[in-house]
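The values are calculated or read from the model by the stated rules, or taken from the named source; none is laboratory data. As the structure is a prediction and not an experimental result, all values here were calculated from the model. FYI the Cβ positions are ideal-geometry reconstructions off the backbone, even for glycines, and counts take in every protein chain you see.
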Ligand code: ADP
């Protein structure tokens, strides 16, 4: 068990004489026992960071500290980290049992103790029936379980998981996600999972580090990043279906009421009270509202948006309604039992306390 501290971490690759700045001045602390997710689109620098923590990649500049010791110069085997990487292959000639036992044997652990540890981990990951099989006989999902077992059997101070559920689909992925969460509550290693799947990060992590183009965008609990995204990137990345984001311009009506008009459309609605003093007439803003924060109303209320339905989907437990605005769709989700046909008039109300506003230049939250 250990705290992990990353200080001003940078990684630059040189590829065909071109320099790629893959990780840019990353600062982050994972508390002892915390479960952290590195979340971001492909190529944003998640795996590079993980590999630097593991010692599989050199550090261009900055510092990584595990349990109070700077590990920059420590060999991977001396860092007390457990790795479950997607391409971290199992040894093909060895059985699953031997693959898991490998690192314990390297430590000269007595045989009966090795058996006890392997059996315990196998039970935890529900792979006991696979122990005498060779890796070639396993499915992708089973291999990933064995990989995780091999990583945690050493009881590492820091457990590093790179897309550990990527080979699983549908229900299996869901149940393994729940298993991982349970596993973490049992082993309590400080854990980092790399994923590009926001729902996985939201479900598993105590805190999520959202990264884009090598830069940390926000580091917070799932609720923080969902409810108070620091910028437009985070707002658009977290949440499914994603947040609706539009460019709006502020103006003041003759009555003195401050309004937004969606650019390129006649759609107007009132500026929420909380933002009234902060928006400037004539200035564009990025306006965000989550699909679940738009209500269907009768139309007699003030500040409603009157429009027409473009697409209606009934998914059983919820209905999704999409409205074309310029080239984009405004989407809303409702758990109510409604029915619409394309072209039907509809009146919408944005939940004022759930409206997000971002600077149209730098994307930062206003
Ligand atoms: P992620 O895990 O978020 O998908 P990576 O950390 O793998 O992203 O990659 C970050 C950036 O660094 C990408 O632009 C990728 O092309 C580049 N990169 C990763 N590994 C290497 C390497 N060994 N040599 C050159 N460039 C690399």
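Which condition does residue 278 not pass, out of (1) in contact with a strand residue (DSSP E or B) (Cβ under 7 Å, 6 or more places away or on another chain); (2) surrounded by fewer than 18 Cβ atoms within 10 Å (Cβ to Cβ), if it passes all the others? So residue 278 meets the others, but not (1). Taking the criterion of being under 17 Å from residue 219 (Cβ atoms) and part of a strand (DSSP E or B), the residues of region 1-28 that qualify are 4, 5, 6, 7, 8, 9, 23, 24, 25, 26, 27, 28. Pairing each residue of region 39-50 that is near the ligand (Cβ under 6 Å from one of its atoms) with any residue that is modelled with pLDDT of 95 or more and part of a helix (DSSP H, G or I), provided the two are 6+ apart or on different chains, yields C-beta distances under 8 Å for 40/46; 40/237.
Farther than 19 Å from residue 38 by Cα, touching a residue at least 40 places away in the same chain (Cβ under 8 Å) and in a helix (DSSP H, G or I): is that true of residue 186 in this structure? The answer is yes for residue 186. Quickly run through region 51-65 and pick out the residues that are in contact with a helix residue (DSSP H, G or I) (Cβ under 8 Å, 6 or more places away or on another chain), more than 12 Å from the ligand (Cβ to nearest atom) and either within 17 Å of residue 28 (Cβ to Cβ) or without any contact (Cβ under 8 Å) to a residue 12 or more places away in the chain (or both). Of everything in region 51-65, those that are in contact with a helix residue (DSSP H, G or I) (Cβ under 8 Å, 6 or more places away or on another chain), more than 12 Å from the ligand (Cβ to nearest atom) and either within 17 Å of residue 28 (Cβ to Cβ) or without any contact (Cβ under 8 Å) to a residue 12 or more places away in the chain (or both) turn out to be 54, 59, 64. Just one of the numbered conditions (1) closer than 24 Å to residue 149 by Cβ; (2) modelled with pLDDT of 95 or more; (3) surrounded by fewer than 19 Cβ atoms within 10 Å (Cβ to Cβ) is not true of residue 108: (2).
Could you tell me which residue of region 1-45 is farthest from residue 197 (Cα to Cα), considering only residues that are out of contact with any strand residue (DSSP E or B) (no Cβ under 8 Å at 6 or more places or on another chain) and surrounded by fewer than 13 Cβ atoms within 10 Å (Cβ to Cβ)? Among residues in region 1-45 that are out of contact with any strand residue (DSSP E or B) (no Cβ under 8 Å at 6 or more places or on another chain) and surrounded by fewer than 13 Cβ atoms within 10 Å (Cβ to Cβ), the one farthest from residue 197 (Cα to Cα) is 17. Listed here are the strands (runs of 3 or more DSSP E) enclosed by region 220-275 that have at least 3 residues being free of Cβ contacts under 8 Å to residues at least 40 places away in the same chain: 244-252, 258-262. Does at least one position in region 190-206 carry a residue that is more than 19 Å from residue 223 (Cα to Cα) and assigned to a loop (DSSP other than H, G, I, E, B)? No; the residues of region 190-206 include none that is more than 19 Å from residue 223 (Cα to Cα) and assigned to a loop (DSSP other than H, G, I, E, B). The strands (runs of 3 or more DSSP E) found wholly in region 29-105 and carrying at least 2 residues that are farther than 21 Å from residue 181 by Cα occupy 61-66.
Do we find a residue being in the same structural domain as residue 162 (by TED's automatic domain parsing) and either in contact with a strand residue (DSSP E or B) (Cβ under 9 Å, 6 or more places away or on another chain) or within 16 Å of the ligand (Cβ to nearest atom) (or both) anywhere in region 93-106?
Let us first name the residues in region 93-106 that are in the same structural domain as residue 162 (by TED's automatic domain parsing), namely 93-106.
Next, from what is left, pick out any that are either in contact with a strand residue (DSSP E or B) (Cβ under 9 Å, 6 or more places away or on another chain) or within 16 Å of the ligand (Cβ to nearest atom) (or both): 103.
Within region 93-106, one or more residues are in the same structural domain as residue 162 (by TED's automatic domain parsing) and either in contact with a strand residue (DSSP E or B) (Cβ under 9 Å, 6 or more places away or on another chain) or within 16 Å of the ligand (Cβ to nearest atom) (or both).
Residues of region 229-246 being surrounded by fewer than 16 Cβ atoms within 10 Å (Cβ to Cβ) and either out of contact with any strand residue (DSSP E or B) (no Cβ under 7 Å at 6 or more places or on another chain) or within 21 Å of residue 283 (Cβ to Cβ) (or both), which ones? Matches in region 229-246: 240, 242.
With the structure loaded, tell me whether residue 200 is surrounded by fewer than 20 Cβ atoms within 10 Å (Cβ to Cβ), modelled with pLDDT under 95 and either in the same structural domain as residue 96 (by TED's automatic domain parsing) or over 23 Å from the mean Cα position of the chain (by Cα) (or both) or whether it fails that test. When the stated conditions are applied, residue 200 does not pass them.
Please state which of the following conditions residue 221 fails to meet, knowing it meets all the rest: (1) surrounded by 15 or more Cβ atoms within 10 Å (Cβ to Cβ); (2) under 24 Å from residue 354 (Cβ atoms); (3) out of contact with any helix residue (DSSP H, G or I) (no Cβ under 9 Å at 6 or more places or on another chain). Unmet condition: (1).
Inspect region 208-216 for any residue being more than 16 Å from the ligand (Cβ to nearest atom) and either in contact with a strand residue (DSSP E or B) (Cβ under 9 Å, 6 or more places away or on another chain) or farther than 28 Å from residue 313 by Cα (or both) and give the result as yes or no. Reasoning before the result, please.
Step one: of region 208-216, the residues more than 16 Å from the ligand (Cβ to nearest atom) are none.
No; the residues of region 208-216 include none that is more than 16 Å from the ligand (Cβ to nearest atom) and either in contact with a strand residue (DSSP E or B) (Cβ under 9 Å, 6 or more places away or on another chain) or farther than 28 Å from residue 313 by Cα (or both).
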